[in-house]
Amino acid sequence: MRSDNLIEDNEINMKEILASLWFHKFFIFFVTTFFVFVSAFYVLNADKIYTASATFEIGQDRSDGLNLVGQAEVFASLAGLNTMGTNDSDLLLERILSREFILSSNTDFSLSDDTYFNNYDPAARDPLWKATIKKLIGWKPRQLSPNQIVIENVVKNFRRSIKAKVSKGGAISISVTHSNPFKAAEYANAIVNKIKQLVEFENATASEKRLNYLSETLADALQEVEVTQQNLKDFTLKNNALAQESFISGSLRLDDLRVEFREAEQFFQLLDYLKKIALENNLTDTSYQNLRLEYPLVDDVRFRRILGMSETISAWSWPDINTLDAVTATLFDRIQRLRIEISEMENEAKAFAKSAEDLNRLKREAKIAEATYTVLIEQVKSQSLAAGFKPDTFKIFEYAAPPLGPSAPKRNTSLGLGLVLGLFSGCFLSIVNANRRNVFYSNGQLINKSNCDLALKSKNIRKLSGFSVNKLIDKLTNKNLIELDEASVSFSETQIFIVLSSYGRLKASDLARVIAAHGAISGKKVVICDTTGETQRVNEEQETKQLSNMSILPTGSNVDILKENTNESGYLYFTSADFKSNVKKLSSSYDKIIFCTDEIEAITGLKALETFNPCVVLVARKRKTKKRFLERVQSITPIGILCYG
């Protein structure tokens, strides 16, 4: 059950907002109308601005036969030439809004004489009030020259009025806004023509720079070719032209000497070992076998020839010591001689290698110089040929024409904006006012917040307003009200009721008499305690009777009216010292006790009856009943019956 209430509460909140907006519908309409009127007034009285646009394209030459510019751009970039490509649209757009271009346009088009671009008046003076304020606060304006002010105005208004953009296809559009449509078109076309002249001039200048650069580079390349050829000729005269071949033959001879040197050293070591064996006189077959294992060179034919021995391996004889000394001395001399020859040959090889390296370097430099000269001469021919061809790369798609209607202010946009702002402002102010009033704008929200046990519509009950108790009994006898029957069943066990009216269409006294009459029909004995005095006024005068210290006005039926508060206010009645004792006395004499009071004394009455747990009957009305009042009532006693409508 609780979850259903929460869901209902969330839905009712939105309905409450819509209901509050519907309640303020005339106010929202008035605010919206006011904003639309202001927008219309602005559209009719604002200065008209006209926009004229011209479209053009800057492309590169794409012909197959003369597309030679791209090749030369490589060499131009090497020289640091920052040429402007015809397809560099972003750079062009930046240049259009640059200070240099604006000042040049001012000189060409006399923008400073146009009041749209320059509204500076040297003879203008501040109004008296403005001059007085500046004097009082000690304001000292910066002194600027009139020419500087004019230039700043032209630059600022030029950047504000001239817009350039690039389409996806690469076309450039120049838009000019002006108060005069003819001047807008004139300025747009003039700027396009100025851009065309600028592009053509810079392309011609770039082509001339490329040709000059290539010509100078070609002259340097020719001079470099001559220098390298002269260096090669001088080297040939001073050095051997076959340095590389001499280096190769010397390297081969050096390898042979190194082989002989290593062989002589091996023979020398073997002879030294044989001398050691001979000195030890260990000339046996075992020694020979060990010698063969350690020095296989002993069986070499050349070694045996040196010692004058037989070349047959099996015919081995030990040489004598004198022979070994003689051969060792000879080999030692041979080794020294080979070492000297190898050293000399290495020096010669280094010299030949240096000569061969210098020769190769000179030949390489000569080839590079010749190749550079060949490439440059071809580029000069190509650029000279391309310089004579002037393709039309600047294409104007559309010239600017005087616009037929203003571009600003936009009528539909302004009116639509005024309508939206009016609706938003009206709704916002309505919600603020609804929060300030703090009332309920829907019956659903009222029922939900009251958290009552029974909710009744007051439509049928209002028809019984103003009648006395006896007449109400007669009417209710002939006509049953389902609402009253349901309330009677739900609260049959409740003895004390308090009826409150919070700006409802039905008065608290009227509802109290209806409830009392319905209870009297059911056989209940009822007493009405009306602090407003309305019940006594509408009932017939009867003789009063006393109940303890209270005066009772009988109506001739089961309903009596308490006459105690005739000459005193409800506040004094509820706060009197005998109030609780009187309630107890009434409880012992009557089946139902019904109190009714107005909104001013409602809280006092609730607090006085709080200990008796009365059933609160609240007569409420949307857009009138305040949320604060409902919260105060609920903080004291829960609401039993809500009568709304």
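Just to verify a number: FRET efficiency for residue 179 and residue 374, C-beta to C-beta distance, R0 = 56 Å, to 0.05?
The computed FRET efficiency comes out at 0.30.
Among 523, 502, 478, which residue has its Cα furthest toward the positive end of the charge dipole of the stretch 470-531, with +1 on Lys/Arg Cβ and -1 on Asp/Glu Cβ?
478
What does DSSP give for the chain in terms of the percent of beta bridges that are antiparallel, rounded to the nearest 5? Display every interim value, and only then the final one.
Values: 24 of 51 bridges.
Of all bridge pairs located within the chain, approximately 45 percent are antiparallel.
Using 0.36 nm per residue, how much length does the chain from residue 156 to residue 226 gain when fully extended, once their Cα-Cα distance is taken away?
Taking residue 156 through residue 226 to full extension adds about 19.2 nm, to one decimal.
Near residue 605, within a Cβ-to-Cβ distance under 11 Å, what is the net charge of the other residues, with Lys and Arg +1 and Asp and Glu -1?
Within the 11 Å Cβ shell, the charges total -3.
Would you work out which of 324, 384, 488 lies farthest towards the positive end of the dipole of the chain, given +1 charges on the beta-carbon of Lys and Arg and -1 on that of Asp and Glu, about the Cα centre?
488
Whole-Hz ³J(HN,Hα) for each residue in the stretch 48-56, computed from phi via Karplus 6.51 cos²θ - 1.76 cosθ + 1.60 with θ = phi - 60°, x for glycine and proline: what do you get?
Working through the residues one at a time gives 7, 10, 10, 10, 10, 10, 10, 10, 8 Hz.
Might you work out the accessible area of residue 417 for me, using a 1.4 Å probe with all protein chains in place, and round it to the nearest 10 Å²?
Spelled out: residue 417, probe radius 1.4 Å, area about 100 Å².
Per residue of the stretch 324-341, what does 6.51 cos²θ - 1.76 cosθ + 1.60 with θ = phi - 60° give for ³J(HN,Hα)? Whole Hz please, x for Gly and Pro, Karplus curve as stated.
In residue order, the calculated couplings are 5, 5, 5, 5, 4, 5, 5, 5, 5, 5, 4, 5, 5, 5, 5, 4, 5, 5 Hz.
Using alpha carbons only, how many angstrom separate the centre of the stretch 584-625 from the centre of the stretch 405-445?
Measuring centre to centre over Cα atoms gives 43 Å.
Among 267, 347, 281, whose Cα sits farthest toward the positive end of the charge dipole of the stretch 260-379 (+1 at Cβ of Lys/Arg, -1 at Cβ of Asp/Glu, about the Cα centre)?
Projecting each Cα onto the dipole axis, the largest value belongs to 347.
If I take R0 = 35 Å and measure r between the Cβ atoms of residue 480 and residue 537 in this structure, what FRET efficiency does the formula 1/(1 + (r/R0)^6) give, to the nearest 0.05?
Efficiency for this residue pair is about 0.80.
Quick one: which residues, 5 or more positions from residue 439 or on another chain, have an amide H under 5 Å from its amide H? H modelled 1.01 Å from N in the peptide plane, none for Pro or chain starts.
Those lying under 5 Å, H to H, from residue 439 are 627.
Multiply the residue separation of residue 408 and residue 258 by 0.36 nm, subtract the distance between their alpha-carbon atoms, and state the gained length in nm to one decimal.
Separation in residues times 0.36 nm, less the Cα-Cα distance, equals 43.9 nm.
Using a basic spin-label model with each label point 7 Å from the Cα along Cα→Cβ, how many nm lie between residue 613 and residue 201?
So the label points at residue 613 and residue 201 sit 10.3 nm apart.
Which distance in nm do the two modelled labels at residue 129 and residue 382 give, with both placed 7 Å along the Cα-to-Cβ direction?
For residue 129 paired with residue 382, the spin-label model returns 7.5 nm.
Mind putting a number on the dipole of the stretch 162-242 about its Cα centre? Charges go on the C-beta only, +1 for Lys and Arg and -1 for Asp and Glu, and I need it in Debye to the nearest 20.
Values: 10 positive and 9 negative charges, 139 e Å.
The calculated dipole for the stretch 162-242 is roughly 660 debye.
Angle, helix 69-78 long axis vs. longest principal axis of the chain, Cα atoms, 0 to 90°, nearest 10?
80
Where does each of 508-517, 586-595, 526-535 land if you order them by average Cβ count within 10 Å, highest first? Intermediate values should be presented prior to the final figure.
Details: 508-517: 28.3, 586-595: 20.2, 526-535: 23.5.
Ranked from most to least packed, the peptides come out as 508-517, 526-535, 586-595.
Tell me the label only: which of (i) 78; (ii) 57; (iii) 53 is percent of Cα pairs over 31 Å apart as calculated from this structure?
Evaluating percent of Cα pairs over 31 Å apart on these atoms matches (i).
Given labels modelled 7 Å from the Cα in the Cβ direction, how far is it in nm from residue 282 to residue 591?
Taking the two extended label points, one gets 15.4 nm.
Using alpha carbons only, how many degrees (0 to 90, rounded to 10) separate the axis of helix 243-280 from the longest principal axis of the chain?
So the inclination is approximately 70 degrees.
Quote the FRET efficiency, to the nearest 0.05, computed for residue 470 versus residue 627 with a Förster distance R0 of 45 Å and r equal to the Cβ-Cβ distance.
0.70
The values are calculated or read from the model by the stated rules, or taken from the named source; none is laboratory data. For clarity, every value in this text was computed on a predicted model and none was experimentally measured. Heads up, the Cβs are rebuilt from the backbone with ideal geometry, glycines too, and the neighbour counts pull from every protein chain shown. What goes into the accessible areas is simple: the full protein's heavy atoms, side chains included, and nothing from ligands, DNA or RNA. Shrake-Rupley method; radii C 1.70, N 1.55, O 1.52, S 1.80 Å.
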